[in-house]
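These notes are about the structure you will find just below.
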Amino acid sequence: MRPLPIFTLTLAMLLWSSSFIALKHVLEVWSFGQVLFMRMSVASCCWLLCYRQLGNVQYQKGDWRWLALMGALEPCLYFLLEVNALRYTSAGQAGMVCALLPLMVALVAFALLKERVSRRQLLGFGIAIFGIALLGLGGGADEFAPNALLGNSLEMGAMLCAATYSVVFKKLSSRYGVMTLTALQAFVGTLFFAPFAFSSPWPSAWGWQDMAVILFLGAFVTLGAYLLYNWSVTQVKVTLAAAYVNLIPVFTLLLAYLLLGEILSTLQWVACAAVLAGIGVGQLPARKRQAQAAVT
């Protein structure tokens, strides 16, 4: 694998990890709909400033179904589930659930593309699910996770959306530019979350620090991280790119500890180990097949 995709994937994972911390902060100021609307609006404004880079879009007949599915999965359903997940669980636990993405991508690729899924991958998926359940039950309700089991379940739903999105995006990227598809997501998200944003009263006072976090989420995470990841998906196999999501739990737990003061119980650390063990078991066959392919 070339050095540039390694760098872009790692940077994208770091940015996505920081989004859990940022969202925890702004959800104390605005409602989830307001946060997502402003985040998508910032990303859309950034795209409008560099619209010349999008080039001419040559729409191909029948692709509206795949484009609509992509937009519905991310940003609409994905962010709807993830932001609400962070209302109930901690940033660190949500980051751990993200580690399920590589296994979910393999399952979705089997369902949509008929790619083979081994028994070992299914076993790993089961172990990881057990670990996530244990993670939610292993700690009592606190200020960071008032209902961890519900929050982690919502985050798992978000990962299912992300896995399906990765496969759909890989299909569309053969016909449309990465920047075009990423920009489309921002505009769709702005329209989708507008009704949620204006269904409740806005706070009267806005701090500059809060607005700075929104700008960071819109410009660096929604636009920057997605652009980095989406470009990387065009350079490597989608399952290989998804494997880099394993960095999110590490980055998120570290950032949550340093910036939010989140601490996991002993049982929850055991649950984290179970999640990572399940992921490791699930990815072993792919690594063996790759090694055999390299030899032959």
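In table form, for the structure just shown:
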read-out	value
Every residue from segment 1-21 that is of a type outside the set (S, T, N, Q) and open to solvent by 10 Å² or more (accessible area, probe 1.4 Å)	1, 2, 3, 4, 6, 7, 11, 14, 15, 16, 21
Residue within segment 257-264 that is within 24 Å of residue 119 (Cβ to Cβ), open to solvent by less than 50 Å² (accessible area, probe 1.4 Å) and either of a type outside the set (Lys, Arg) or at pLDDT 80 or above (or both) present	no
Tally of residues being assigned to a loop (DSSP other than H, G, I, E, B) and open to solvent by less than 30 Å² (accessible area, probe 1.4 Å) across segment 59-93	5
Cβ-Cβ under 7 Å pairs, at least 6 apart or on other chains, segment 1-27 side closer than 17 Å to residue 92 by Cα, far side open to solvent by 10 Å² or more (accessible area, probe 1.4 Å) and not in a helix (DSSP H, G or I)	27/87
Enumeration of residues in segment 17-39 that are part of a helix (DSSP H, G or I) and farther than 19 Å from residue 261 by Cα	32, 33, 34, 35, 36, 37, 38, 39
Search result, residues across segment 192-247 that are modelled with pLDDT of 95 or more, of a type outside the set (Phe, Trp, Tyr) and touching a Cys at 6+ places or on another chain (Cβ under 7 Å)	none
Tabulated pairs, segment 223-249, first closer than 17 Å to residue 163 by Cβ, second of a type in the set (D, E, K, R) and surrounded by fewer than 21 Cβ atoms within 10 Å (Cβ to Cβ), C-beta under 6 angstrom, 6+ apart or interchain	233/170; 238/170
Matching residues, segment 1-53, being touching a Ser or Thr at 6+ places or on another chain (Cβ under 7 Å), at pLDDT below 90 and over 21 Å from residue 233 (Cα atoms)	20
Qualifying residues in segment 265-296 (those that are under 18 Å from residue 107 (Cβ atoms) and β-branched (Val, Ile, Thr)) - the one modelled with the lowest pLDDT	279
Unmet requirement for residue 12, which otherwise passes all of (1) closer than 29 Å to residue 171 by Cβ; (2) touching a Gly at 6+ places or on another chain (Cβ under 6 Å)	(2)
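The values are calculated or read from the model by the stated rules, or taken from the named source; none is laboratory data. From a predicted model like this one, the values you see are computed outputs, not experimental measurements. As a convention, Cβ positions derive from the backbone with ideal geometry for all residues, glycine included, and neighbour counts pool all protein chains shown. To get the accessible areas, we keep the full protein, side chains included, count just its heavy atoms, and leave off ligands, DNA and RNA. Shrake-Rupley method; radii C 1.70, N 1.55, O 1.52, S 1.80 Å.
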